[in-house]
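The values are calculated or read from the model by the stated rules, or taken from the named source; none is laboratory data. Owing to the predicted nature of the structure, the values given are computational and were not obtained by experimental measurement. Cβ placement follows ideal geometry from the backbone for every residue including glycine, while neighbour counts extend to all protein chains displayed. Surface accessibility is based on the protein's heavy atoms, side chains included, excluding ligands, DNA and RNA. Shrake-Rupley method; radii C 1.70, N 1.55, O 1.52, S 1.80 Å.
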Amino acid sequence: MYLYQLSIEDWWKDLKDTFVLNFIADDRYMLLVKGLGNTFLVTLGATFLGIILGVLVALVRSTYDKNISDMRPGFGKGFLIVLNKIASAYLTVIRGTPMLVQLMIAYFVIFVSIAQHKTIVAIIAFGINSGAYVAEIIRSGIMSIDPGQFEAGRSLGFNYAQTMLYIIIPQALKNVLPALANEFIVLIKETSVSCYIGLHDLTKGGEIIRSRTYTAFMPLLAVAIIYLVIVMFFTKLVGILERRLRNSER
Amino acid sequence: MSADHLISVKDLKKYYNGGAIKALDGVSIDIDKGEVVVIIGPSGSGKSTLLRSLNLLEIPTSGTITFEGTDITSKGNDINKFRQKMGMVFQHFNLFPHLTILNNMTLAPRKLKHESHEESEKFARELLNKVALGDRADAYPSQLSGGQKQRIAIVRALAMRPDVLLFDEPTSALDPEMVGEVLDVMKDLAREGMTMVVVTHEMGFAREVGDRIIFMDEGRIVVEGTPAEIFGQTDNERLKTFLAKVL
C-alpha cells in the first residue's frame, strides 16, 4: 500500500519534471509557438495561392465543358483546347502523386535556388497542391449555377468574362464556401509534412524538443492537442458559416 | 429596304443534329419601331427559338438578322453591343440572387455604359416606382413573389434603355393570380410606344395589345396578321386547331 502511494507521487513528480523539462526549461515552448506561426503562415499562403490557381483552372475547365461543342474552329478554340489540356494534366499529376513527394521535388529539385526560404517553397508547393482540389470544388460550384443566370448576363450585353466575373463566380464561390473552408482545415494538418524539408512548423517544433530532451510523449502529445484544438475551432466556425449562408438564402 | 425596319429577319434556319431537327425552317419577319409583335403557337413550334435568335442567345444555322441596319449575324460584329439595346425578359425571371434589387438593375448600366452610381440609381428608382416596387429597392430577389420578380426583371432590362424588349413566355412560370400584374406592366410599356416581341400563351394579351400576331408551327410562320384577322374568321386549319385548344 505504501509502495503504491509512493509510486503515484513519483509518477506525478515525474510528470511535472518532464513538463518543465520539455516546455519551461530554456523557454522550449517558444519552439512550438514559432512552429505554430509558420504552420499558419504556410497554410494561409497556400490557401490564397490555391484559390487563385483553383479559380483559373476551374474557369478553363468549365468554359471548355460548356462551350467547346458550339465553338467555330479557329484560334480561340485551339487556344482553349490547349489550356484545357494543361489544366487536365495539372489536375491528374497533382492529385495522382503524394503531397510529400511533391514537396520534396519542389524543395530538392525545382526551387533549389531559393532553398534557404523554406517557408516560400512550402507555400508554393502546398498552394499548387491545394489549387488542384480547390479547382474541382469551384468547378462544381460554377456548374451548379442555373444556365439562366448566364443567359441573363449575356442578354444585358455582358461578354463571357464579365458574366463570369460579376454574376457566376460570386454565386459559385458563395455556394462552395463551406467546402473551401474544409479544404483550409485539411491543409492545416497537411502542412505537418513540411518538417521533411526542415521547415520549422508546429510538428517540427515538437520534434526539436524531442531531440533535445529525449522524451517523445509530452512534445508530440502537445503538438497533437494543438492541431486538434485549431481544427475543432475552425470546424465550428465552418458550421456557423454554413448555417448563416443557408439562412441568407431564405 | 431593310434599314427601315428595326429588326429584319431573313430566311432564318436553326437545325440540330445536322438537320435532323429543324427548330426554325426558314423564318422571315420584319419588326418596326413601336410595334408589339406577339408570337403564338404550340409547344415545340420554334417560337422561343426564334425569339432567342433575335439577340443570338441561339446561334442560327443560316439566315440573317438585321438590327438597326446592321447584320448582327455576320462574324465581325460585336454582339454584346447590340444586346445592350435588346432587353430580354425570361420565363424564369433570372434575377441575380446575390445582388439587391437595386444592384440587379444598376449592374449593367454601370459596368457597360459607365453610368455613375447616382445616375444609374436615380433611373432605377424611377423605374421601380413605375412598377410600384419603389420600397423594395434594397430587398433580395428571394424575398419577392413571382409577380414582383418578373416586374423587376422587366425594369432591369429597361434600365439599359433598350430599343426593343424581347419577352420569352413572361407569365408561364407565374401563379395565376400574379399574371395580371405583369401583363399590366407590359400593357403600359406598349402604350408608351416600346417595341416589343412577345412569346406568350396569353391569348387575351395577344388580342388586346398585339399590333401583329405571328402563328408558328413546325419551325415556320404559318399565319401572320392583325389580332382581328387571327382571332376572327380564319380558314387556316392548323391555326383553327390551335385556337380551339387554347381559347
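Which value in nm describes the separation of the simple spin-label points at A:K174 and B:Q143, placed 7 Å from the Cα toward the beta carbon?
1.3
Each label point is 7 Å from the Cα along the Cα-to-Cβ direction; what then is the distance between the points at A:A89 and A:L228, in nm?
It is 4.5 nm.
Mind grabbing the accessible area of B:T171 for me, 1.4 Å probe, Å², rounded to tens?
Surface open to solvent at B:T171 totals about 10 Å².
For A:K34, which lysines qualify as cross-link partners when the Cα separation must be under 20 Å and same-chain residues fewer than eight apart are set aside?
A:K118, A:K189, A:K204
How much length would be gained if the chain were fully extended between B:K113 and B:D4, taking 0.36 nm per residue of separation minus their Cα-Cα distance, in nm to one decimal?
Extending this stretch completely gives an extra 36.6 nm.
What total accessible surface area, summed over both chains, is buried at the interface between chains A and B, computed with a 1.4 Å probe and given in Å² to the nearest 100?
In total, this chain pair buries about 1900 Å².
Local charge sum around B:N77 (other residues, Cβ-Cβ under 14 Å, Lys/Arg +1, Asp/Glu -1)?
+1
Charges on Cβ only, +1 for Lys and Arg, -1 for Asp and Glu, centred on the Cα centroid of the protein assembly as shown; of B:L128, B:I79, A:T203, which one is farthest towards the dipole's positive end?
Value computed over the given set: A:T203.
How do B:H114, B:H201, B:H92 rank by accessible surface area computed with a 1.4 Å probe, from largest to smallest?
B:H114, B:H92, B:H201
On a 1.4 Å probe surface of the protein chains, which of B:F96, A:F111, A:F233 comes out largest in accessible area, and what is the full order?
The most accessible residue leads, giving A:F233, A:F111, B:F96.
What figure in square angstrom, to the nearest 10, would you give for the accessible area of B:T61 with a 1.4 Å probe?
Using a 1.4 Å probe on the heavy atoms, I get roughly 80 Å².
Could you check how much of the accessible area of the stretch B:89-247 is carbon and sulfur, as a whole percent, using a 1.4 Å probe?
Whole-percent figure for carbon plus sulfur exposure: 45.
For B:K85, put the label point 7 Å out on the Cα→Cβ axis and report which residues of the stretch B:150-177 keep their amide N under 11 Å from it.
B:162-164
Counting partner chain Cβ atoms within 10 Å of every residue's Cβ in A:161-169, what's the average?
2
Rounded to the nearest 500, what is chain B's calculated 222 nm mean residue ellipticity when only DSSP H runs of at least 4 contribute -39500 (n - 2.57) each, over all residues?
One gets -10500 deg cm²/dmol as the mean residue ellipticity at 222 nm.
Using a Förster distance of 25 angstrom, determine the FRET efficiency expected from the C-beta separation of A:A161 and A:L241, and round it to 0.05.
Here the calculated transfer efficiency is 0.30.
Other chains' Cβ within 10 Å of B:95-102 residues: what's the mean?
Mean partner-chain Cβ count within 10 Å for B:95-102: 4.
Quick one: plug the Kirkwood hydrodynamic radius of chain A (C-alpha pairs) into Stokes-Einstein at 20 °C, 1.002 mPa s, and report D in µm²/s.
Stokes-Einstein gives a translational diffusion coefficient of 101 µm²/s.
Distance in nm between label sites at A:N67 and A:I24, each 7 Å beyond Cα in the beta-carbon direction?
6.6
Quick check for you: with a 1.4 Å probe and neighbouring chains kept, what is the accessible area per residue of chain A, in Å²?
55
Using only the heavy atoms of the protein chains and a 1.4 Å probe, how would A:L100, A:L177 rank by accessible area, largest first?
Heavy-atom accessible area, descending, gives A:L177, A:L100.
Can you order the peptides A:37-46, A:214-223 by their average number of other Cβ atoms within 10 Å per residue, highest first?
The densest-packed peptide leads the list: A:37-46, A:214-223.
Expected output is a single nm value to one decimal: the length gained when fully extending between B:T61 and B:A173, i.e. 0.36 nm times separation in residues minus the C-alpha distance. What is it?
37.4 nm
Percent relative contact order of the stretch A:2-248, based on C-alpha pairs within less than 8 angstrom and at least six residues apart?
30
Kindly state, to the nearest 0.05, the FRET efficiency for A:T97 paired with A:K16, given R0 = 45 Å and r defined as their beta-carbon distance.
0.50
Give me the percent relative contact order of the stretch B:83-152, please, defined on Cα pairs under 8 angstrom at least 6 residues apart.
Reported relative contact order: 42 percent.
Skip the ligands, DNA and RNA, and give the accessible area per residue of chain B with a 1.4 Å probe, whole Å².
Dividing the accessible area of chain B by its residue count gives 43 Å².
For A:I142, what accessible surface area do you get with a 1.4 Å probe? Give it in Å², rounded to 10.
The accessible area comes out at roughly 0 Å².
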